[in-house]
Amino acid sequence: MYVVIPIDTVPNDGPGALLPAAGDSAPELLEATLDNTGGMGMPYTVTLAGGLTALDLAPDTQDAVSGVPGPELYFRPQTLHFVPYTIQKDDTISKIAQDFGLAQDTLISVNGIKNSRLLQIGRMLKVPNQDGIVHTVKKGDTLSSIAGRYECDMAAIRVANELFSETINAGTDIFVPGARLDRVTLQEINGELFIWPVRSYVTSPYGYRSSPFTGKRQFHTGMDIGAPMGTPIQAAMAGRVSATGYDDISGNYVIITHHSGYRTLYAHMSVIRTKTGTYVRTGDRIGDVGSTGLSTGPHVHFTVYKNGVTVNPRILMK
């Protein structure tokens, strides 16, 4: 049996420690210190007597204390609250998250950030009092299925969002405590998905430009990276070589198929140094810079496709 032992320094709707009842002398195992309290939405931590480490108030807290001798510690779910934060010069998502004791995923998801490199000074962010991400309810979703998908306790979802009914309408945004963005999504948003195929300078970016051949306005589906003839070209991400060859536009080219619907094209090579069907790792040499095909000089034309549609490579590159 467990009972809630309220702690004076914690707000009424804040966490409480759950300690064994039945006459145990468990309360003295809690020191009278709670870190990071004070109404700023920071995670609460509790220090156990005897030098045990502090425990963050998170859905995985129960796992953190497994195997610790003495009574187990649990924490009740928290209602979701926010405090505002105005982005300052030199701020990064990583820095802000660290200052508030949160994961990057939490700030990114709660504030709908699509590119963490483009934070606007003066923008107001919502900073929640706990880690988690926002889930948009889809047709057929239930609290149970959402909890299962994110491996989160259903009661925590109820409490965080103050839900009093099993019915949740499609299109509703709910906060899932303790949930994390998947690794690929986080890399996309932080611009850490691909390495540069050649570490050099951009001669022509992705997007509309005047054609160097006709002078007409046209859409450039990739990014041109200038480099000396023969410079090694690296696979921007691990994957399987799905095509190699030559055509009048791309010259010598290599196409690599990656996970999560991504493909990359490397064009105008002087030499192809891989073959179709080969599995390559990030950074493997797949060819050399050249000027074959329709080209104005030595460079690699680098295109990124997501589910068959070109996207701007620059925002995805480390």
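Please treat every number below as a calculation from the coordinates, not as lab data. Computed from a prediction, not measured in an experiment: that's the story for all the values here. All Cβ positions, even for glycine, are placed from backbone atoms using ideal geometry, and neighbour counts span all protein chains on display.
Listing for the model above:
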quantity: Summed side-chain charge close to Ile168 - residues other than Ile168 whose Cβ falls under 14 Å, Lys, Arg +1, Asp, Glu -1; calculated: 0
quantity: Out-of-range pairs (alpha-carbon distance over 26 Å; input Lys114/Lys318; Lys138/Lys318; Lys89/Lys114; Lys126/Lys306); calculated: Lys138/Lys318; Lys126/Lys306
quantity: Positive-end extreme of charge dipole, the stretch 201-316 - chosen from Ile315, Tyr208, Ser291 (charges on Cβ); calculated: Ile315
quantity: Translational D in µm²/s for the stretch 240-318 (Stokes-Einstein at 20 °C, 1.002 mPa s, Kirkwood Rh from C-alpha pairs); calculated: 168
quantity: Estimated dipole of the stretch 201-316 in Debye, rounded to 20 [Cβ of Lys and Arg +1, of Asp and Glu -1, Cα centre]; calculated: 280
quantity: Label-to-label distance, nm, for residues given as Lys139 and Thr276 (7 Å Cα→Cβ offset); calculated: 4.1
quantity: For the stretch 82-190, Kirkwood radius (reciprocal of mean inverse C-alpha pair distance, Å); calculated: 14.7
